[in-house]
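The values are calculated or read from the model by the stated rules, or taken from the named source; none is laboratory data. Keep in mind that what you see is a predicted model, and the values were worked out from it rather than measured. When we count neighbours, we look across all protein chains shown, and the Cβ atoms used for this are built from the backbone with ideal geometry, even at glycine.
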Amino acid sequence: MGKTLFDKVWDKHVVDSITDGPQILYIDKHLIHEVTSPQAFNELKKRNVSLFRPNQVVATADHNTPTVNQHLPIKDVLSRNQLAQLTKNCAENDIELYGLGHENNGIIHVIAPELGITQPGMTLVCGDSHTSTHGAFGAIAFGIGTSQVAQVFASQCLLLDKPKSMRISVKGKLKKGVLSKDVALYVIAKLGTDAGTGHFVEFAGDVFENMTMEGRMTVCNMSIEMGARGGMIAPDQITYAYVKGRDFAPKDADFDKKVAAWERLKTDADAAFDCEYTFDATDIEPMITYGTNPGMGMKISESIPVKNNASFEKSLTYMGFKKGESLIGKEVNYVFIGSCTNSRIEDFRVAANYVKGKQKAANINAWLVPGSQRVVKQIKAEGLDSIFIEAGFELRQPGCSACLAMNDDKIPEGEYCVSTSNRNFEGRQGQGAKTLLVSPLVAAATAIEGKIIDITKQLN
Amino acid sequence: MKKFIIVQSKAIPLAIENIDTDQIIPARFLKATDRQGFGDNVFRDWRFDKEGNLNMGFALNDDKYSGEILITGHNFGCGSSREHAAWAIGDYGFKVVVSSFFADIFKGNALNNGLLPVEVGPDFLKQLLRSVTDAPEAEIKVDLETQTITLLSTGESESFEINSYKKTCLLNGYDDIDYLLNQKEKIKQFEQQNA
Ligand code: SF4
């Protein structure tokens, strides 16, 4: 029987298998940040173990960093300490750190691909669930806990049971204005937030084949929101073209040799999956979430479903919505375009294209938080910054920002925020904040109108 | 890691589905650089109101309930990979979490910290929640050796699955890092072959 893309990459990284137990999986790249690494460094110290492969670790500061005045000392003492600790730990262990203000700084899942660190066929981990993003390159990439961060520090390996496999195919042509984020939200709304548990997902079909790398990253990023360990897309010409020429990408003849190997990373025709789903692209429309998990999403033109279930009702109460209600016309005061889901250049191009020549509504606070310093540079190079600033948007410095609101970028109590991030959990964007997940296009349209509109009407 | 063999205790019922890691420990409490003290902020925004007063309607604050076992709704621990969620639950004093379904990363993190996730069928979960709510003094016994969870008042019992490697680790108090450190030679060999 043939092998899946996932099998091919996994099997190549198995160091050994324990009888009746897990396998030892070798990890090519380990990405770290300030929040989930300090206790792992402490663990090494406690055990008097040294870091095994420092040159396979890359660090950034992103979760806890301010998005204004990054050149000034951080006001919050705890955040400042956490960043100082990261700097110290990286220096002591010879780890490359792209700290605040560095030209390579940004959200870990944005910078690793854009620097060419992420490549097809790799295994890649980070103490952050959205590590699934890197699967867009045909890599096995997944989030780990801090104990596992310490294991990778100590041995460059993890003890894991091989996950089950799932394939999600989306076939056909996407309608105008339907973005990769909508595809992700649609699939999660259909399958639920626990459908992928225990599985690695391969996204297949012409919709993903025709997607840009940015779009593929958005989809793989959101695969964790359906409970999957990660998502993957087979590498192809689009992938190679993206990787080529980036700082850490192989060069010249080495690159060609790598491409020849990457070409083999495709699921064999006779490979079997534990589970398969197929969706029709033409059924997908711009999406929005109405509840407090990413599976509570619907087409923006639809109404909130009517379900009698205590958890569902609790969620609607938190959001201040009613069963059967449409969200069209709801006023919102905050719009956030950012997070490792949608903060790449393509996302800002989509938003700028819509916003150009328009003005944001007076009630709206529109925060644009690029994923990295390089995205900021690109925004400026393409003149998108002036489009946004003329429209009254606030362009901030890179970081996770209001995606998890660990820094000062918090949505106030009770306010709605139309957001391009990945989680609408209670209080995720600030205590009592109510999040509605959307694509960058829907976010931009909301900012202009000051309320939720049926974007499909404008598109047709 | 401490050994885990048997836990017999009263339990606290939390009949909510899809409890995510942001509810277990909100992000604003992730600024610490050590592992201690997270129990103070477990379920912070459900336990306390905005002014910091205890929300007496919440099960953890209800004097009726106590114990080392937390019984929760389906799909517990979804969301982020923050191990702080497992630390917070353990630090608060729980040794077992029971649900009909756990999110992957949470489950792994819990096992790595000696907190046992016990997955039971939806009917048994309902039964446990009902019994504990009606009779908070009812004790539950979780036996890792035999992989069973028993409601002592009625004797009703169900067995649960656990990976045999993880079971050995918990029963003996070993962790993965010890194991991996002993495999260094194999790992180096692998690196050479794949260089
Ligand atoms: S942007 Fe949000 S989801 Fe992405 S790494 Fe940062 S906190 Fe996590």
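Would you call residue A:207 surrounded by 14 or more Cβ atoms within 10 Å (Cβ to Cβ) and either without any contact (Cβ under 8 Å) to a residue 24 or more places away in the chain or closer than 12 Å to residue A:136 by Cα (or both)? When the stated conditions are applied, residue A:207 does not pass them. From the list A:146, A:197, the lone residue that is within 25 Å of residue A:47 (Cβ to Cβ) and among the hydroxyl-bearing types (Ser, Thr, Tyr) is A:146.
Results for (1) among the hydroxyl-bearing types (Ser, Thr, Tyr); (2) touching a Gly at 6+ places or on another chain (Cβ under 9 Å); (3) more than 10 Å from chain B (Cβ to nearest Cβ), shown as yes or no for each residue.
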| site | (1), (2), (3) |
| --- | --- |
| A:130 | no, yes, no |
| A:134 | no, yes, yes |
| A:147 | yes, yes, no |
| A:160 | no, yes, no |
| A:163 | no, yes, no |
| A:171 | no, yes, yes |
| A:174 | no, no, yes |
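Got at least one residue in segment B:77-86 being of a type in the set (A, V, I, L, M), at pLDDT 95 or above and within 15 Å of residue B:7 (Cβ to Cβ)? No, segment B:77-86 has no match at all.
Might you check whether a residue that is under 25 Å from residue B:84 (Cβ atoms), aromatic (Phe, Trp, Tyr) and at pLDDT 95 or above occurs anywhere in segment A:115-137?
no
Scanning segment A:88-96 turns up at least one residue that is of a type outside the set (Asp, Glu) and closer than 20 Å to residue A:247 by Cβ.
Any residue at all in segment A:143-166 that is more than 26 Å from residue B:165 (Cβ to Cβ), touching a residue at least 60 places away in the same chain (Cβ under 8 Å) and either within 16 Å of the ligand (Cβ to nearest atom) or part of a helix (DSSP H, G or I) (or both)?
no
Would a scan of segment A:270-283 turn up a residue that is under 20 Å from the mean Cα position of the chain (by Cα) and modelled with pLDDT of 95 or more? Checked segment A:270-283: no residue is under 20 Å from the mean Cα position of the chain (by Cα) and modelled with pLDDT of 95 or more. On the basis of being of a type in the set (Asp, Glu), at pLDDT 95 or above and either under 23 Å from residue A:229 (Cβ atoms) or within 14 Å of the ligand (Cβ to nearest atom) (or both), does residue A:62 make the cut? In short, yes. Taken as a whole, the structure places residue B:124 among residues that are aromatic (Phe, Trp, Tyr) and either closer than 19 Å to residue B:12 by Cα or assigned to a strand (DSSP E or B) (or both). When residue A:341 is evaluated against the numbered criteria (1) part of a helix (DSSP H, G or I); (2) crowded, with 19+ Cβ neighbours inside 10 Å, which criterion, by number, is the only one it fails? Unmet for residue A:341, out of (1) part of a helix (DSSP H, G or I); (2) crowded, with 19+ Cβ neighbours inside 10 Å: (1).
Somewhere in segment A:80-89, is a residue farther than 25 Å from residue A:140 by Cβ, more than 14 Å from every other protein chain (Cβ to nearest Cβ) and among the hydroxyl-bearing types (Ser, Thr, Tyr)? Within segment A:80-89, none of the residues are farther than 25 Å from residue A:140 by Cβ, more than 14 Å from every other protein chain (Cβ to nearest Cβ) and among the hydroxyl-bearing types (Ser, Thr, Tyr). Here residue A:398 qualifies as part of a loop (DSSP other than H, G, I, E, B) and either over 25 Å from residue A:176 (Cα atoms) or modelled with pLDDT under 95 (or both). Could you grab me the full set of residues in segment A:127-142 that are among the β-branched types (Val, Ile, Thr) and either assigned to a loop (DSSP other than H, G, I, E, B) or closer than 19 Å to residue A:339 by Cα (or both)? Passing the criteria: A:131, A:133.
Is it true that residue A:348 is at pLDDT 95 or above and buried (at least 22 other Cβ atoms within 10 Å of the Cβ)? Yes, satisfied. The listed residues are A:38, A:22, and the only one of them that is within 9 Å of another protein chain (Cβ to nearest Cβ), touching a residue at least 60 places away in the same chain (Cβ under 8 Å) and touching an Asp or Glu at 6+ places or on another chain (Cβ under 8 Å) turns out to be A:22.
Tell me, please, whether a residue that is farther than 25 Å from residue A:428 by Cβ and in contact (Cβ under 8 Å) with a residue 60 or more places away in the chain can be found in segment A:308-316.
So far as segment A:308-316 goes, no, none of its residues is farther than 25 Å from residue A:428 by Cβ and in contact (Cβ under 8 Å) with a residue 60 or more places away in the chain.
Just so you know, in segment A:401-430 the residues that are facing chain B (nearest Cβ under 10 Å) and more than 21 Å from residue B:77 (Cβ to Cβ) include one that is farthest from the ligand (Cβ to nearest atom), and it is A:413.
Taken over segment A:167-191, the criterion of being over 18 Å from the mean Cα position of the chain (by Cα) and not hydrophobic (A, V, I, L, M, F, W, C) is satisfied by A:167, A:169, A:171, A:172, A:173, A:175, A:176, A:177, A:190. Scanning segment A:69-126 for residues that are at positive phi and away from the ligand (no atom under 16 Å from the Cβ) returns A:69, A:94, A:101, A:116, A:121.
Please work out which residue is surrounded by the fewest Cβ atoms within 10 Å (Cβ to Cβ), limiting yourself to segment B:162-195 and to residues that are touching a Leu at 6+ places or on another chain (Cβ under 7 Å) and more than 7 Å from chain A (Cβ to nearest Cβ).
In the first step, residues of segment B:162-195 are kept if they are touching a Leu at 6+ places or on another chain (Cβ under 7 Å); the result is B:166-167, B:170-171, B:176, B:179-180.
Next, only the ones that are more than 7 Å from chain A (Cβ to nearest Cβ) stay: B:166-167, B:170-171.
Numbers: B:166: 21, B:167: 18, B:170: 22, B:171: 13.
Top of the filtered list is B:171.
Take residue A:440 and decide whether it is farther than 21 Å from residue B:45 by Cα, within 13 Å of the ligand (Cβ to nearest atom), touching a strand residue (DSSP E or B) at 6+ places or on another chain (Cβ under 8 Å) and more than 14 Å from chain B (Cβ to nearest Cβ). Judged against the criteria, residue A:440 is not a match. Here segment A:443-460 is the region considered, the condition is being of a type outside the set (Val, Ile, Thr) and in a helix (DSSP H, G or I), and the residue that is nearest to the ligand (Cβ to nearest atom) is A:443.
Within segment A:220-231, residues that are facing chain B (nearest Cβ under 8 Å) reach partners that are away from the ligand (no atom under 15 Å from the Cβ) and assigned to a helix (DSSP H, G or I) with beta carbons closer than 6 Å, at six or more positions or on different chains, in the pairs A:229/B:104.
Taking residue A:152 as the residue in question, decide whether it is out of contact with any helix residue (DSSP H, G or I) (no Cβ under 8 Å at 6 or more places or on another chain) and either more than 24 Å from residue A:115 (Cβ to Cβ) or surrounded by 23 or more Cβ atoms within 10 Å (Cβ to Cβ) (or both).
yes
A count restricted to segment A:407-432 and to residues that are in a loop (DSSP other than H, G, I, E, B), crowded, with 18+ Cβ neighbours inside 10 Å and touching a residue at least 40 places away in the same chain (Cβ under 8 Å) stands at 11. Here the helices (runs of 4 or more DSSP H) wholly within segment B:1-96 that include at least 3 residues being touching a residue at least 12 places away in the same chain (Cβ under 8 Å) and closer than 28 Å to residue B:179 by Cα are B:84-92.
For residues that are surrounded by fewer than 19 Cβ atoms within 10 Å (Cβ to Cβ) and part of a loop (DSSP other than H, G, I, E, B), scanning just segment A:57-78, find the one that is nearest to the other protein chains (Cβ to nearest Cβ). Within segment A:57-78, the match that is nearest to the other protein chains (Cβ to nearest Cβ) is A:76.
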